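Read through the structure below, which is laid out as structure tokens, and then see the notes.
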Amino acid sequence: MEFPFDVDALLPERITVLDQHLRPPARRPGTTTPARVDLQQQIMTIVDELGKASAKAQHLPAPITSASRMQSNRHVMYILKDTSARPAGKGAIVGFLKVGYKKLFVLDDREAHNEVEPLCILDFYIHESLQRHGHGRELFQHMLQKERVEPHQLAIDRPSQKLLKFLNKHYNLETTVPQVNNFVIFEGFFAHQHPPARKLPPKRAEGDIKPYSSSDRESGLPQGW
């Protein structure tokens, strides 16, 4: 994906990590900045255009990634630059991966509810002309190392069939634990949760509610918590 400004100078590294501040990375020594160029605006343009491209590829009604969404959430975006493509010396973008921690209620294999806050895959896109060249795996692997997380510890928001095949091919993630929400988790998700998953007590029938004990009243928490 090409842009009318110098992507290669704006994003010095092959993989750039952005947080909610969307600050331009430190520039290479000796690199000059064109007069009156708003570098953050260029970053925002890249984020917006990548979000639109991802939404189009996934047939979504609207982008789920944008500069405004990044600024209002504590998400992290990994952007992969094509160092070999230098149209007019400006470079190009291969794709991106967006992750973030979310509080979720998920079911384990015994259908017990668990309150967890895993790292979630929120959006993932590689330009159509550059797929099946190892770029997706390179980007995903970089994220895993940077976030210090294993693939089976992730929760994936509304994964496409293409993403599920990608995870199966590269990380042997195949067996899912059925959920009632839009997130997908895989077998082994609960084995290495840190902090540990918080199990919620099963809901009691209306006539089976036990009164508080004195110690429960003093702690302010109902029995079972």
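The values are calculated or read from the model by the stated rules, or taken from the named source; none is laboratory data. All values derive from a computational prediction rather than experimental measurement. So basically every Cβ, Gly included, is an ideal-geometry build from the backbone, and we count neighbours across all protein chains shown. Just the protein is used for accessible areas: all its heavy atoms, side chains included, with ligands, DNA and RNA removed. Shrake-Rupley method; radii C 1.70, N 1.55, O 1.52, S 1.80 Å.
Structure above, values below:
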quantity: Residue match in segment 82-93 (condition: open to solvent by 10 Å² or more (accessible area, probe 1.4 Å), in a helix (DSSP H, G or I) and either modelled with pLDDT of 95 or more or touching a helix residue (DSSP H, G or I) at 6+ places or on another chain (Cβ under 8 Å) (or both)); calculated: yes
quantity: Cβ pairs under 6 Å, 6+ apart, first in segment 1-27 and under 17 Å from G91 (Cα atoms), second outside any strand (DSSP E or B) and hydrophobic (A, V, I, L, M, F, W, C); calculated: P24/L39; P24/I43
quantity: Residues located in segment 94-126, provided they are in contact with a helix residue (DSSP H, G or I) (Cβ under 7 Å, 6 or more places away or on another chain) and either among the aliphatic types (A, V, I, L, M) or within 30 Å of F5 (Cβ to Cβ) (or both); calculated: V94, G95, F96, L97, V99, L119, D123, F124, Y125, I126
quantity: When residues of segment 149-166 are limited to those that are part of a loop (DSSP other than H, G, I, E, B) and not charged (D, E, K, R), the one surrounded by the fewest Cβ atoms within 10 Å (Cβ to Cβ); calculated: S160
quantity: Test: V76 is open to solvent by less than 40 Å² (accessible area, probe 1.4 Å), at pLDDT below 95 and of a type in the set (V, I, T); calculated: no
quantity: Condition check for V17: modelled with pLDDT of 95 or more and open to solvent by 50 Å² or more (accessible area, probe 1.4 Å); calculated: yes
quantity: Qualifying residue in segment 111-123 (condition: charged (D, E, K, R), closer than 13 Å to F190 by Cα, over 17 Å from the mean Cα position of the chain (by Cα) and open to solvent by 40 Å² or more (accessible area, probe 1.4 Å)); calculated: yes
quantity: Strands (runs of 3 or more DSSP E) wholly inside segment 98-140 containing at least 2 residues that are closer than 19 Å to V47 by Cβ; calculated: 119-126
quantity: Matching entry among K146, K169 (being over 23 Å from K81 (Cβ atoms) and either open to solvent by 60 Å² or more (accessible area, probe 1.4 Å) or assigned to a strand (DSSP E or B) (or both)); calculated: K169
quantity: Residues located in segment 127-139, provided they are buried (at least 21 other Cβ atoms within 10 Å of the Cβ) and either within 13 Å of V99 (Cα to Cα) or without any contact (Cβ under 8 Å) to a residue 40 or more places away in the chain (or both); calculated: L139
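To keep it simple, each residue is scored yes or no on (1) among the small types (G, A, S); (2) open to solvent by 50 Å² or more (accessible area, probe 1.4 Å); (3) in contact with an Asp or Glu (Cβ under 9 Å, 6 or more places away or on another chain); (4) modelled with pLDDT under 90.
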| site | (1), (2), (3), (4) |
| --- | --- |
| H21 | no, yes, no, no |
| D38 | no, yes, no, yes |
| V47 | no, no, no, no |
| K52 | no, yes, no, no |
| P61 | no, yes, no, no |
